[in-house]
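The values are calculated or read from the model by the stated rules, or taken from the named source; none is laboratory data. Bear in mind the structure is a predicted one, so any value in this text is a computation, not a measurement. Cβ: placed from backbone, ideal geometry, glycine included. Neighbour counts: every protein chain shown.
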Amino acid sequence: MTQRNYSVITGTGAYIPSRVIKNQAFTTKEFYNSQGERILKPGEEIVEKFYQITEIEERRYVDDEYVTSDIAFFAAEEALKSSNTDRETLDYIIVAHNFGDVKKNNLRSDMVPTLASRIKAKLGIKNPFTVAYDLPFGCPGWLQAMIHADYFIRSGDAKKIMVIGSEILSRVSDPHDIDSMLYSDGAGATILECAESDEPKGIITHSTRSDSFAFSQLLRMDKSYNPDFNGSELFLKMNGRKLYEYALNTVPQLVKDCIAKAGIFIQDVKKILIHQANAKMNEAILTRIFKLFNIQEIPSDIMPMTISKFGNNSVATIPILLDMLLKNKMSGHNLYPGDYFVFASVGAGMNVNVVIYKMT
């Protein structure tokens, strides 16, 4: 067989903030609905209902002095260390995020220069041919950046690429919106390297779709729900019900199609790593995936989850999950050479993407 270039993960890193924010912290908040009306239910009742829907118990917030590029840098250093990579040999640094650097005392997006350029500078990389750029793509941004990296490697344009997903959602969430309880902060980084092989390995195939015509406004930026909010900031807003429906109608089919594109069977898949947005939604997506294959019994260990403790930190959820999984930090979850697993994500755009990966 003819040898081909494959993209293989050789290192990962993550930054999980130390500040733990439990659900109890939200019981004294004043919440409003999208019509600007105060929600008068007791705080304990609001928080309990939120937990029943999402299974989130707590989330992580960064310390006040950090911004998104800082925590991305921390994750990047870990990935370089775990892969024993000479940073000057990186061909690309691709950084997925959606809001740039947002300071604690100035809630405005700062994206010039790019976060990738800032991170390259923080890493001390002098090589001018380490190309650094950003990729805003909603929550699926890190996975789309992995797809970009795979194209570079398969084409022969690159041998070694760092892909980072970093986000601080705690500073772009409306404190008067119940959905603010979903969001958290974090960063994950991955090193992809070229492996020449006559047998498929690493990234096998991938698929992406963007349903912008009908669904572009399901996630958007808008003013606070509190009509008396003192400020002009724009916050992340979500149409949760319609987003849930969209995810169920698109993610499972794209996963099924991508598995077929890879030439494997659902029984070959050992893990499905889904963007950690909402535990109940992920469970419904998983059920529908197996239903599409006419399989009723779902393996109990196929979908590792971090959302109960880390919340939804957008582009960082999957690379953090991957880092924990590969470093044996998730009890009952292991991956071995030859195992196939699936990455899947859904988010603002609306965008959905899937990657099929084979462990080496």
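Things to note:
- Strands (runs of 3 or more DSSP E) wholly inside segment 32-111 that include at least 1 residues being touching a residue at least 40 places away in the same chain (Cβ under 8 Å), closer than 18 Å to Met162 by Cβ and not acidic (Asp, Glu): 92-96
- Residues satisfying the stated conditions in segment 160-174, i.e. in a strand (DSSP E or B) and surrounded by fewer than 24 Cβ atoms within 10 Å (Cβ to Cβ): Lys160, Ser173
- Given (1) under 30 Å from Ser82 (Cα atoms); (2) without any contact (Cβ under 8 Å) to a residue 40 or more places away in the chain; (3) touching a helix residue (DSSP H, G or I) at 6+ places or on another chain (Cβ under 7 Å), number of the condition Pro337 does not satisfy: (3)
- Selection of strands (runs of 3 or more DSSP E) fully inside segment 175-269 by the criterion of at least 2 residues being buried (at least 20 other Cβ atoms within 10 Å of the Cβ) returns 185-197, 202-210, 235-238.
Okay, residues lined up against (1) without any contact (Cβ under 8 Å) to a residue 12 or more places away in the chain; (2) among the small types (Gly, Ala, Ser); (3) under 30 Å from Leu40 (Cβ atoms):
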{"site": "Ala158", "(1), (2), (3)": "no, yes, no"}
{"site": "Gly165", "(1), (2), (3)": "no, yes, no"}
{"site": "His176", "(1), (2), (3)": "no, no, yes"}
{"site": "Tyr183", "(1), (2), (3)": "no, no, yes"}
{"site": "Gly186", "(1), (2), (3)": "no, yes, no"}
{"site": "Thr190", "(1), (2), (3)": "no, no, no"}
{"site": "Cys194", "(1), (2), (3)": "no, no, no"}
{"site": "Gly202", "(1), (2), (3)": "no, yes, no"}
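- Figure legend. Inter-residue proximity from segment 1-14: first residues hydrophobic (A, V, I, L, M, F, W, C) and at pLDDT 95 or above, second residues outside any strand (DSSP E or B) and surrounded by 20 or more Cβ atoms within 10 Å (Cβ to Cβ), beta-carbon distance below 6 Å, spacing 6+ or different chains. Indicated pairs: Ala14/Ala75; Ala14/Ile320; Ala14/Asp323.
- Given (1) surrounded by 18 or more Cβ atoms within 10 Å (Cβ to Cβ); (2) in contact with a Lys or Arg (Cβ under 8 Å, 6 or more places away or on another chain); (3) more than 20 Å from Leu243 (Cβ to Cβ), number of the condition Met324 does not satisfy: (2)
- Filter result (closer than 24 Å to Met281 by Cα and either modelled with pLDDT under 95 or within 20 Å of the chain's Cα centre (by Cα) (or both)) within segment 15-32: Ile16, Val20, Ile21
- Meets criteria (outside any strand (DSSP E or B) and farther than 22 Å from His97 by Cβ) for Lys291: yes
- Hits in segment 280-307 (condition: more than 18 Å from Val354 (Cα to Cα) and crowded, with 18+ Cβ neighbours inside 10 Å): Thr306, Ile307
- With respect to (1) more than 25 Å from Gln3 (Cα to Cα); (2) in contact with a Lys or Arg (Cβ under 8 Å, 6 or more places away or on another chain); (3) in contact (Cβ under 8 Å) with a residue 40 or more places away in the chain; (4) not small (Gly, Ala, Ser), the lone exception for Asp198 is condition (1).
- Which numbered condition Asn98 fails, given (1) in contact with a Pro (Cβ under 6 Å, 6 or more places away or on another chain); (2) surrounded by fewer than 18 Cβ atoms within 10 Å (Cβ to Cβ): (2)
- For segment 327-353, the set of residues classified as crowded, with 23+ Cβ neighbours inside 10 Å and of a type in the set (Phe, Trp, Tyr) consists of Phe343 only.
- Of the set (1) surrounded by fewer than 24 Cβ atoms within 10 Å (Cβ to Cβ); (2) within 15 Å of the chain's Cα centre (by Cα), all apply to Asp157 but (2).
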